[in-house]
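Laboratory data are not the source of any read-out in this text; all were calculated from the coordinates shown. Predicted model only: the values in this text are computed from it and were never measured. Here the Cβ is made from the backbone with ideal geometry for all residues, glycine too, and neighbour counts use every protein chain on show.
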Amino acid sequence: MAGESNGAAGFGSSIRRREDPELITGRAKYTDDLKLAGMVYCTILRSDYAHAGINSIDTSEAEALDGVLGVYTAKDIEASGVPGGVPVGWLLPGLKTPEHFMLAKDTTRYVGDGVAIVVAEDQYTAHDALELIYVDYDPRDGIADPKKATADGAPLVHDDAPNNIAFDWEIGDKESTDAAFANAAHVASLDIVNNRLIPNAMEPRAALADYNDITGELVLYMTTQNPHIHRLLMSLASLGLPEHKIRVIAPEVGGGFGSKIHHYADEAIAAWASMQVGRPVKWTATRTETYITDAHGRDHVTHGEMAIDADGRFIGLRVDTYAAMGAYLSTFAPAVPTYLYGTLMSGEYDLPAIYCHVYGVFTHTVPVDAYRGAGRPEATFIVERLVDEAARVTGIDPVEIRRRNFVAPDNFPYQTQVALAYDSGNYEGALDKALEAIGYDDFRTEQAAAREQGKYLGLGLSTYIEACGLAPSAVVGSLGAQAGQWESAVVRVHATGKVTVYSGCSGHGQGHETTFAQIVASALGVPYDDIDVVEGDTGSMPHGWGTYGSRSAATGGSAIASAAEKVVDKARTIAAHLLEAAEEDIEFEDGNFFVKGSPDQSQSLPDVALQAYLAHNLPKGIEPALEATSFYDPANFVYPFGTHIAIVEVCSQTGNVTLQRYLAVDDVGNVINPMIVDGQVHGGIAQGIGQSLYETAVYDDGANLLSGTMLDYAVPKAHFMPSFETDRTVTPCPHNPLGVKGVGEAGSIASPAAVVNAVVDALSPFGVTHIDMPVTSEKVWNAMK
Amino acid sequence: MGISIELEVNGASVSEEVEPRLLLAHLLREELGLTGTKIGCDTSQCGSCTILLDGQAVKSCTVLAVQADGSEITTIEGLANGEYHPMQQAFWDNHGLQCGFCTPGMIISCVDLLSTNPQPSEDEIRHGLEGNLCRCTGYHNIVRAVQTAAETMNG
């Protein structure tokens, strides 16, 4: 029961994860597993109404319950003098930013909006006390549909946002796009609802806050993908404590998929409660609570059109979207249906004219923010559905129409009409590999024969591109981000030659402790087992921006590579001095420095490290010790791409869709650990299949969440999924030191379109041209009628 | 009022005074410090809290502690016996976990599955894991892990 000690664990090796021994034995500690001396528990009363005035709150019975230390409302938070805000971190021109306070003051705006806080000695009492708080509500009309919410007379979420419009945003060129449509030989047109999703990381959100009123320091253990962002927003907007007095620690984190990026009220409430009672306070969401508090994903209503010329070439794309923001603007919410969405509308295609218009709309629902893929699945779904619809209206095979319109391999860098400059790609390479693996021509023969027998098979393609590795800081700053997107790393070689690496990323299942050590093992020539990786503690490492947007390898990994290079440079200077040679004559190979041509006279990295720490004999001007810090700001996004293919069988009697095969050929650049990359692809595909066939958050006309428990919302089970077939092409990223791109989101970006295209293909004999997700048997059965 | 219960947890005798409403999952986590058993939902869907009660997989969030009086319990902490259980080993070898939160319950369920069906087909594995949700792996490598463990344990 020990670690991996082999020396072949460098970059490119499918070494098993070093994270796993603690996880498979139950030893790993997640936030809710932690206990501190004197710890008490906090629960939060939440609005049962989508929209209601608060006339009064009677907390007296709850306060009188044995074991209750305090019951608090918004008035108490206001009276305490903390800022109490839950801010948005991405600003668009003209964005409406209504106040979002840690608890509802006089109005609740969604089912789940926080109303009161209980702090009690044990968690059962803390839950009991919630039942004893009496709120006199004044129920009002609510609305959940983002398009209907913009109609005149619709219930308003915020009085200062007329027609519930949070922002009115566009990208591309309307005039040239309209002209393309005027000249089009064919137009493909679709109305698409991109269904609202609930993230469902298996670990519910939790926080354990320990405020010390003597030192004024707050230690906050929490379920976070980005501890430094949380520290910043806790300090500036919620608690008003100085940033250096807050230490945010991410213990083991049980999945995120975006839902643990955002700064919510709840973790700030736990911290504030600790400040009130002078004891450590733990808050852990129930699953049902996560359904009405974790930011949801997607929720778009869109009309999309593709203009096609007589030769089957795409000449224009026009998209009009109503994107739900929910009741308040969550941390990065405005960026998701804009810069992570409109900018992807060119897909893999050479599209000369694009125009995308988006209304961000307040609704009486849980706030919507980044969820695995964040904007890019929605864009890819529209583009790839329209491409298939274009194939249908022109009578061109879906493969052929894609080939005809791809950006050619010799056309990179390719400047799209929607801001992004694709740096590299070989789209037909991935397509050809996928078609061969699936047996495309044979499938068409089989499909035709099956139809003769009343059996309906369908094949769906999704030839996707995405932009991730977030992101060049100046670029995102110019687009409204109130944050940088560079990443930090410290590579510290100890006196004995052992290495500790600190990263500003914060993994929660991605295997960074393994892959980041692999990067360093290759860069320094040090045994893999001699390298430790530390993440997720604002008290331990320089500021970093965390893990989301498929950024950790591209930005965090690059920062590590860059810091390792600085270490080698310094060690080379010292080694040259020790070997009494000129620095330019020193070679570095497999962890050893030697004079060119004389490898027998060498200094190993540990030898040099020891000398660097002893500092008895260092070259002039060289400081002692051996470590380096890097703050790496990427030159561009990275652009993974690929081809996903789904094959389905649709039962003509029941409408049931069976996923027979799912094949993915992804190009994520150089691969640090193939086993981990495959795992990321599997997980992403499963979430996309979940969106396309099973999952949806359902609100009724009064904005009540009907799919509000795990009993009602279809988180996919094992038997919902096929085995996945995965393969790769490798087109290294040209602008980062490792040639890596990102892989965390690719599967969820590509797969919904592949599955729905397959279903529509299967149903083409019935004249079906589109079915909204999730493609349930009921919808299919009705479509076949 | 507390009720006295006695049970054996991972081979050790345990005597506790518990509230009648205390869930077994909370007894294990809060009173006995066995936090390997996770709580991922409140409707008995996710299976993160699965343990072996008298050799059978149960969701410990759906069992009262008093109902476990007199029983033998194995949690994830009690599965390894000097070396990893073949199922733990197979999860590690096959990358059958990512965030690890569902893993303790998933591994226990998989152990239970093979105890009743030592050579399951892929379809039987997938249906056998009906009561355990994983959001990270898409189940692909979990199925591989169960297949590997079945080979090891039958070999």
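Just subtract the alpha-carbon distance of A:ALA448 and A:GLU22 from 0.36 nm times their residue separation and send over the number in nm, one decimal.
148.2 nm
Listed by Cβ neighbour count within 10 Å, with the fewest neighbours leading, A:THR215, A:THR769, A:THR288 appear as A:THR215, A:THR769, A:THR288.
Taking only the C-alpha atoms of segment A:486-632, Rg followed by Dmax gives 15.6, 48 Å. Here the calculated FRET efficiency for A:ALA310 and A:HIS719, from their Cβ-Cβ distance with R0 = 51 Å, stands at 0.60, rounded to the nearest 0.05.
Think of chain B as having a plus end and a minus end, set by charges on the Cβ of Lys, Arg, Asp and Glu; of B:ALA12, B:LEU24, B:VAL143, B:VAL143 sits farthest toward the positive end of this dipole.
Counting beta carbons within 10 Å around each of A:HIS296, B:HIS127, A:HIS644, A:HIS508 and listing the fewest first gives the order B:HIS127, A:HIS296, A:HIS508, A:HIS644.
For chain B, a crude dipole built from +1 on the beta carbon of Lys and Arg and -1 on the beta carbon of Asp and Glu, taken about the Cα centre, is about 560 debye to the nearest 20. Simple spin-label estimate for A:ASP397 and A:GLU589 gives 5.1 nm between the two label positions (7 Å along the Cα-to-Cβ direction from each Cα). Note on A:SER598/A:LYS498: beta-carbon distance plugged into 1/(1 + (r/R0)^6) with R0 of 35 Å gives a FRET efficiency of 0.80. Based on the Stokes-Einstein relation at 37 °C and a viscosity of 0.692 mPa s, and on the Kirkwood radius from alpha carbon pairs, segment B:86-154 is assigned a translational diffusion coefficient of 286 µm²/s. Think of each Lys and Arg Cβ as +1 and each Asp and Glu Cβ as -1; about the Cα centre, that makes the dipole of segment A:486-632 roughly 360 debye. With 10 Å bins beginning at zero, the pair-distance distribution over Cα atoms of segment A:359-414 amounts to 18, 31, 29, 17, 5 %. Extending 7 Å from the Cα toward the beta-carbon at both A:GLU565 and A:LEU711 defines two label points whose distance is 5.7 nm. For segment A:126-146, the residues whose amide N sits under 15 Å from a probe point set 7 Å from the Cα of A:SER60 along the beta carbon direction are A:132-136. Computed about the Cα centre, the dipole magnitude for chain A is approximately 280 debye when only Lys and Arg (+1) and Asp and Glu (-1) carry charge, each at its Cβ. Summarising the label geometry, the points placed 7 Å from Cα in the beta-carbon direction at A:ASP213 and B:ASP123 lie 6.5 nm from one another. Taking a cut-off of 53 Å, what percent of all Cα-Cα pairs in the protein assembly as shown are separated by more than that? The proportion of pairs with Cα distances above 53 Å equals 15 percent. Exposure proxy shown here: for A:GLU466, B:GLU77, the number of other Cβ atoms within 10 Å sets the order, fewest to most, as B:GLU77, A:GLU466. Between A:ASP701 and B:GLU30, the C-beta separation translates, for a Förster distance of 41 Å, into a calculated FRET efficiency of about 0.45.
Ranking A:GLY425, A:PHE381, A:GLY454 by how far each Cα lies toward the positive end of the dipole of segment A:340-481 (charges on Cβ) leaves A:PHE381 at the top. By the helix-only formula, in which each DSSP H run with n ≥ 4 contributes -39500 (n - 2.57) and the sum is divided by residues, the protein assembly as shown has a 222 nm mean residue ellipticity of -8000 deg cm²/dmol. Any of A:LYS96/A:LYS174; A:LYS35/A:LYS245; A:LYS282/B:LYS38; A:LYS498/A:LYS566 with alpha carbons more than 19 Å apart? Name them for me. Listed pairs above 19 Å: A:LYS96/A:LYS174; A:LYS35/A:LYS245.
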